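Everything on this sheet refers to the single structure shown next.
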Amino acid sequence: MKFALGIDIGGTKTAIGLISDTGQVQAKLSLPTDQAVSPEVMVDRIAEAVFGMLGEQNVKETELLGIGVGAPGPLNTKEGKIAEPPNLPSWWDFPVVSSLERHFTVPIKLENDATAAALAEKWLGAAQDAEHFVFITISTGIGAGIYSHGRLITGATGNAGDVGHFVVDPSAEGTCVCGQQGCWEYVASGTAIARQASALLGREVSSKQAFDLAAAGDAPMNELVQRAFKNIGIGCVTLINTLDPEKLIIGGGVSQVGAPLFDAVRNYVSQYALNPSGRKTPIVPAALQQDAGLIGAAALIHINY
Ligand SMILES: [Zn+2]
């Protein structure tokens, strides 16, 4: 069996896994992403954890096919750098690939985390049969991985798929982290739903609590949630009209609400996608919820893309 190492760097934790060429998670662990220390020191901690894991599994570094790294965007995969991710402020402009190369000699690949998760869905998940699909992750923000004509679409610097910053409602109050008004993620992410629900109730609630209240028959909350789902549908129509995918796959924390979301989005798409086949685009949940980031990072090594 051949192994790749996956490293999924997030704003609060970094997951590390040893993944076989059949997609089996042989070993995994996670470390807090400590932004109080320099990213160089974090990379040293990651390397130490990797060597500990390889030792326990009796795998030599030189036996690895490579190391795949998934990280939040914006980044610059051409230069192997983290660029300006809002949730990793201490890592801005950090050359993560060359920093890892201080410890490892095997090939290292870096991609946006949503792009990597899309590749995982192609490899082992809900897109195995698709040559054209978009994977959308809706959680604190919204991101996407685009797969078209049998290839991952990464763009010139690895930032293709930053769909969270399509403007869907320029009249929306408030300003997105990017400076625009009414970005898709500003009006439809889990953070957006929690912010709107908290304003409605005058107390802090999570998106999950908002969904629970809506499901229990709270009419104003249900209206708020349906508006967010409509906004998700608007973005999905834009993606269908732009890319003509065979299917859309939705993952991330917000997708866990299940049928209310998927029914609302399918209904919106069935009315408003421009072309008749687009209106019938299957919209399905991601298959790889747990470990999607890790498997996606390892897929960068195991799969041609
Ligand atoms: Zn924005």
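What follows draws every value from the coordinates through simple rules; no lab data is involved. Owing to the predicted nature of the structure, the values given are computational and were not obtained by experimental measurement. Counting neighbours? That spans all protein chains shown, and the Cβs are built from the backbone with ideal geometry, glycine included.
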Exercise for review: Go ahead and estimate [θ] at 222 nm for the chain from helices alone: -39,500 (n - 2.57) per DSSP H run with n ≥ 4, summed, over the residue count, rounded to 500.
Suggested key: -11500 deg cm²/dmol
Check your understanding: When the dipole is taken about the Cα centre of region 1-131, and only Lys, Arg (+1) and Asp, Glu (-1) are charged at their Cβ, what size is it in debye, to the nearest 20?
Key -> 140
**Study point:** Whole-number percent relative contact order across region 166-305, with pairs defined as alpha carbons under 8 Å at least 6 apart
**Key:** 18
Check your understanding: With helices defined as uninterrupted DSSP H runs, which ones in the chain have an alpha carbon span along their own long axis of at least 15 Å and mean Kyte-Doolittle hydropathy of at least 1.6?
Key -> none
Review point. What ³J(HN,Hα) values, in whole Hz, does the Karplus curve 6.51 cos²θ - 1.76 cosθ + 1.60 give for region 127-136 when θ = phi - 60°, with x put for Gly and Pro?
Key: 10, 4, 9, 10, 9, 9, 7, 10, 9, 10
Review point. Rounded if a/c is under 1.5, else prolate if a/b is larger than b/c, else oblate: which is region 106-156, with a ≥ b ≥ c the root eigenvalues of its Cα gyration tensor?
Key: rounded
Practice item. Report, ordered by chain and residue number, the aspartates and glutamates lying within cross-link reach of K13, taken as a straight Cα distance under 20 Å and ignoring same-chain residues fewer than 8 apart. Key: D34, E40, D44, E48, E84, D93, E111, D113, D291
Exercise for review: Let me know the shape class of region 1-54, please: from the alpha-carbon gyration tensor, a ≥ b ≥ c as square roots of the eigenvalues, rounded when a/c is under 1.5, otherwise prolate if a/b is greater than b/c, or oblate.
Suggested key: prolate
Point to revise | For K247, distant residues with modelled amide H under 5 Å away | key: V134
Study note, to complete from the structure: If amide H atoms are modeled at 1.01 Å from N in the peptide plane, then the residues at a separation of 5 or more from A27, or on another chain, having amide H under 5 Å from its own are L18
Review point. What's the extension gain from H103 to C178 if we count 0.36 nm per residue and subtract their Cα-Cα distance?
Key: 23.5 nm
Exercise for review: Filter the trypsin sites (Lys or Arg not before Pro) in region 180-245 to those in DSSP coil with at most 12 other Cβ atoms within 10 Å of their Cβ, and list the result.
Suggested key: R203
Revision key, fill the gap. Lys and Arg at +1, Asp and Glu at -1: neighbours of F262 with Cβ under 14 Å from its Cβ sum to +2
Revision key, fill the gap. Quick note, region 1-123: a/c under 1.5 would make it rounded; otherwise a/b > b/c is prolate and the rest oblate (a ≥ b ≥ c, C-alpha gyration tensor); here it is prolate
Exercise for review: Would you mind computing Rg(Cα) / (2.2 N^0.38 Å) for the chain, counting N as its residues?
Suggested key: 1.01
Revision key, fill the gap. Taking alpha-carbon centroids only, region 44-100 lies from region 224-266 a number of Å equal to 31
Revision key, fill the gap. Surrounding charge for R279, neighbours by C-beta under 13 angstrom, Lys/Arg +1, Asp/Glu -1, total +1
Exercise for review: DSSP loop (so not H, G, I, E, B), at most 13 other Cβ within 10 Å: list which GluC sites (Glu not before Pro) in region 68-133 pass both filters.
Suggested key: E131
Practice item. Would you work out which of N241, V205, T105 lies farthest towards the positive end of the dipole of the chain? Charges go on Cβ: Lys and Arg +1, Asp and Glu -1. Key: N241
**Study point:** Partner aspartates and glutamates for K230 [C-alpha distance under 19 Å; skip if fewer than 8 residues away on the same chain]
**Key:** D169, E173, E185, D212, D218, D263
Point to revise | Whole-number percent relative contact order across region 1-85, with pairs defined as alpha carbons under 8 Å at least 6 apart | key: 30
Check your understanding: For the chain, what is the relative contact order in percent, using Cα pairs closer than 8 Å and at least 6 residues apart in sequence?
Key -> 20
